[in-house]
Amino acid sequence: KAARYYYDDARSAAYRAGNNDLVAYTLSAASQLSAVRQKARPAIDHAQAAVQAAKASGSPYAMAYASDVTARAYAVAGQTGRCQAALDREEEALSLITDDTPRAPWWYFYDQSFYWGTESECKLRLNMPVDASRAARRSLNLVLPLNLHNSALTLAFKAEALLDQRLGDRKSTRL
């Protein structure tokens, strides 16, 4: 409840400041909070609002990250096609980012490795462990060692995907 309060407060301040990039960030954070709690409908609602704010901001970072949380929200809802479409939009927005693209400080963590980590997470939620493992491997090959949060989560996704694959192999040999 405290996190929700502070995200709502931050979003209100961003709206008052006319900073759509920051509005997109706070709505994305609210979506992620709902997704982690397995609340698909509010996760999707916040993610879709984040996409609208990101479009208004014109920031490819905001657009890519809003698509990222949209993919995760759809994965929580078990909507494979919509999840993949959001991942495709994220990849498209990422392709617009160059070394010269202005980056607000709150996007410090976001890069190509983050995308692959999210794809891994989504594929895990959608019971696609082989694809999840492949995406985690790509993320880990790109992630900067200083990005401990992304590294740790992606390692966990990779481990879970490998376990799911082994369990799947054991089930098929028993049949």
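The values are calculated or read from the model by the stated rules, or taken from the named source; none is laboratory data. Everything numeric in this text was worked out from a predicted model, so none of it was measured. Protein only, heavy atoms only, side chains kept; ligands, DNA and RNA dropped before computing areas. Shrake-Rupley method; radii C 1.70, N 1.55, O 1.52, S 1.80 Å.
The heavy atoms of residue 5 offer some 130 square angstrom of accessible surface to a 1.4 angstrom probe. Taking the 1.4 Å solvent-accessible surface of region 55-175 as the whole, the part contributed by carbon and sulfur is 56%. Over the C-alpha trace of the chain, radius of gyration and Dmax come out as 16.5, 61 angstrom. Report the residue, chosen from 144, 94, 124, that carries the largest GNM mean-square fluctuation when the chain is represented by alpha-carbon nodes joined by springs under 10 Å. Between 144, 94, 124, it is 144 that shows the largest mean-square fluctuation.
Taking every DSSP helix (H) stretch of at least 4 residues in the chain, weighting each as -39,500 (n - 2.57) and dividing the sum by the residue count yields a mean residue ellipticity at 222 nm of -26500 deg cm²/dmol. Where Rh denotes the Kirkwood radius from the mean inverse Cα pair distance, what is Rg over Rh for region 24-87? Across region 24-87, the Cα-based Rg/Rh ratio is 0.95. Ligands, DNA and RNA are left out, and with a 1.4 angstrom probe the accessible area of the chain is 55 Å² per residue.
Remark: region 40-139 is approximated by an ellipsoid whose semi-axes, taken from the C-alpha gyration tensor as √(5λ), come to 22, 17, 9 Å, largest first. Residue by residue, region 118-134 carries 3J(HN,Hα) couplings of 5, 4, 4, 4, 4, 5, 4, 4, 9, 6, 10, x, 5, 5, 5, 5, 4 Hz when phi is fed to the Karplus relation 6.51 cos²θ - 1.76 cosθ + 1.60 (θ = phi - 60°); x denotes Gly or Pro. The phi torsions of region 22-35, fed into the Karplus equation with coefficients 6.51, -1.76 and 1.60 and a -60° offset, translate into couplings of 6, 4, 4, 4, 5, 5, 5, 5, 5, 4, 4, 4, 5, 4 Hz, rounded to whole numbers, with Gly and Pro shown as x.
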